[in-house]
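Q: First the structure, which I've put down as structure tokens, then a few questions once you've had a look.
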Amino acid sequence: MASKKVLSADNQQERSKELNPWYIIGFVEGEGTFHIAFYKDPRMKTGIKVIPEFHVNQSYLRIITLEKIRNFFNYGYIKDNHKSKITDTTKVYVVRDRKDLLLKIIPFFDQYPLISEKQNSFRTFKQIITLMNKGMHRNQFGVNKIIRLAYKMNNSGRYRRVNKETLLKSSETIRQTLNQ
């Protein structure tokens with residue numbers, strides 16, 4: 001007689017029958033991103049809020065794939081990719097919770113490494129999450145280090161709206177203003 005544990009939905013082997021981890025790796029190679037967002041926030045000691053996220057994009061026509069990935073990991077959420085762009089009908093699976101990133105996403109990608117240049121972005125992402133876990137995002141030195149690292153990711157920040165120097169200067173100016 002099989003044990004209940006073997007048949008439970010929490011069992012990773014049962015989940016892997018639904019979606020193979022290597023399928024997820026291939027999908028992330030094409031449609032996934034490890035990203036660090038920065039927002040001005042005067043409530044933060046440094047004036048900059050650091051938001052790490054892992055996300056996977058897909059057309060709304062194939063939202064089932066995102067749902068299966070979310071179910072595989074058993075955390076995160078799916079939302080409209082660009083609400084402000086009426087013509088964009090893509091959806092995105094997002095994981096932003098630092099604890100989930102540290103304890104679930106990072107170990108998964110450590111166990112199943114990416115094979116493209118995206119692996120380097122993952123390594124930098126992991127380094128940033130580790131720094132944040134140590135509280136480095138709460139001081140100016142740490143935020144500046146995180147900004148510099150983040151701008152090495154994803155084609156050296158080529159698609160970012162704000163260039164690195166502007167963000168570094170902005171974080172320093174905000175910090176000086178807050179300390180006056």
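The values are calculated or read from the model by the stated rules, or taken from the named source; none is laboratory data. Only a predicted model underlies this, so the values are computations on that prediction, with no experimental measurement involved. Cβ placement follows ideal geometry from the backbone for every residue including glycine, while neighbour counts extend to all protein chains displayed.
Condition check ((1) assigned to a helix (DSSP H, G or I); (2) touching a helix residue (DSSP H, G or I) at 6+ places or on another chain (Cβ under 8 Å); (3) at positive phi) across all residues:
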residue: Leu102; (1), (2), (3): yes, yes, no
residue: Phe109; (1), (2), (3): yes, yes, no
residue: Leu114; (1), (2), (3): no, yes, no
residue: Ser121; (1), (2), (3): yes, yes, no
residue: Thr124; (1), (2), (3): yes, yes, no
residue: His137; (1), (2), (3): yes, yes, no
residue: Phe141; (1), (2), (3): yes, no, no
residue: Lys145; (1), (2), (3): yes, yes, no
residue: Leu149; (1), (2), (3): yes, yes, no
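Q: Inside region 57-100, can you point out the residues that are touching a helix residue (DSSP H, G or I) at 6+ places or on another chain (Cβ under 7 Å) and aromatic (Phe, Trp, Tyr)?
A: Phe72, Phe73, Tyr75, Tyr93
Q: Taking Leu19 as the residue in question, decide whether it is buried (at least 16 other Cβ atoms within 10 Å of the Cβ), more than 24 Å from Ile128 (Cα to Cα), modelled with pLDDT under 95 and not acidic (Asp, Glu). Talk me through it step by step, then tell me what you get.
A: Values: buried (at least 16 other Cβ atoms within 10 Å of the Cβ): yes; more than 24 Å from Ile128 (Cα to Cα): yes; modelled with pLDDT under 95: yes; not acidic (Asp, Glu): yes.
For Leu19, the condition - buried (at least 16 other Cβ atoms within 10 Å of the Cβ), more than 24 Å from Ile128 (Cα to Cα), modelled with pLDDT under 95 and not acidic (Asp, Glu) - is met.
Q: Look at region 141-168 and say how many of its residues are polar (S, T, N, Q), surrounded by 15 or more Cβ atoms within 10 Å (Cβ to Cβ) and at pLDDT below 90. Spell out the reasoning first.
A: Within region 141-168, the first condition is being polar (S, T, N, Q), and the residues that meet it are 144, 154-156, 163, 166.
Subsequent filtering for residues that are surrounded by 15 or more Cβ atoms within 10 Å (Cβ to Cβ) retains 144, 154.
If we keep only those that are at pLDDT below 90 too, we end up with 154.
Adding up the residues that qualify gives 1.
Q: How many of the residues making up region 72-121 are of a type in the set (Ser, Thr, Tyr), crowded, with 17+ Cβ neighbours inside 10 Å and either free of Cβ contacts under 8 Å to residues at least 24 places away in the same chain or under 16 Å from Pro21 (Cβ atoms) (or both)? Step through it out loud before you land on a result.
A: So in region 72-121, the residues of a type in the set (Ser, Thr, Tyr) come out as 75, 77, 84, 87, 89-90, 93, 112, 116, 121.
From what's left, crowded, with 17+ Cβ neighbours inside 10 Å: 90, 93, 121.
Retained after the next criterion (residues that are either free of Cβ contacts under 8 Å to residues at least 24 places away in the same chain or under 16 Å from Pro21 (Cβ atoms) (or both)): 93.
So the count comes out to 1.
Q: While we're on this one: Given the conditions (1) surrounded by 15 or more Cβ atoms within 10 Å (Cβ to Cβ); (2) farther than 22 Å from Lys169 by Cα, report the number of the one that His137 does not fulfil.
A: Of (1) surrounded by 15 or more Cβ atoms within 10 Å (Cβ to Cβ); (2) farther than 22 Å from Lys169 by Cα, only one is false for His137: (2).
Q: Checking the conditions here, which among Ile64, Ile51, Ile69 is touching a residue at least 24 places away in the same chain (Cβ under 8 Å) and either touching an Asp or Glu at 6+ places or on another chain (Cβ under 9 Å) or in a helix (DSSP H, G or I) (or both)?
A: The conditions single out Ile69.
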